[in-house]
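Below: one structure, written as structure tokens.
Just so it is clear, none of the values below were taken in a lab; they were calculated from the coordinates. Keep in mind that what you see is a predicted model, and the values were worked out from it rather than measured.
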Amino acid sequence: MLTSSLLLLASTATSVLASNLLTTRQDNPASNCSVYGIDFVDGGSYFINSNSTANFTVVQQFSGCNDDNASVLLVQQSTEDEWECTSVPTGKYFSRATAQDLTVLIEHSVPSNTSELSTCPIEKDQMSSGEWTILVIGNNADGNPFAYERDFSLTVGPQETTTVTQTVTFTQTSIPVVNATGKSSLCRKLECTG
């Protein structure tokens, strides 16, 4: 009896959350979503360490967006190769939590101007110098769709660290001060006074 009550509760909770999911995504049909690059900006030039095996990542912020997700693409301009990076939320998003046959949707809120990280399926040591593009594309739920492009230049090579030790040369002149009482032997020979 308790198990069936929990399943009914889970089913009801999921239905309520799912219906909220549909209504919360209909924020503003006139919404205009803006995207701002944080780490790679349009027209910038950047260095990538070719000794790093970490995946390439990009960070952006959203403003004025409805609750939805944005797709992020990385494009190498010279070869037109594309990598689909992880999508990022532009507003509220939902995740599922399951425990002992109980599935619940959890609502997460993403305020405007929050940095969102997207990871691309290419390691930094696999990249090459040249012109690159990041595309951020979204439907903006029931608002106005958006597509933002950031073109930038990468220099890819091994990072070198140089240690510089500075040396300072200076001259110091010392004038010894002699305090003497009486006459020195030199003064006696020269007949010094005083």
- Query: What list of ³J(HN,Hα) couplings, whole Hz, do you get for the range 56-70 from phi and the Karplus terms 6.51, -1.76, 1.60, once you set θ to phi - 60° and write x for glycine and proline?
  - Reply: 5, 10, 9, 10, 9, 10, 10, 9, x, 9, 7, 6, 6, 10, 10
- Contour minus end-to-end for residue 78 and residue 59, with contour as 0.36 nm per residue of separation and end-to-end as the Cα-Cα distance? 4.5 nm
- Message: Can you compute 3J(HN,Hα) from phi for each residue in the range 114-130, using the Karplus curve 6.51 cos²θ - 1.76 cosθ + 1.60 with θ = phi - 60°, rounded to whole Hz and x for Gly and Pro?
- Response: 9, 5, 10, 8, 10, 9, 9, x, 9, 7, 4, 6, 9, 8, 9, 5, x
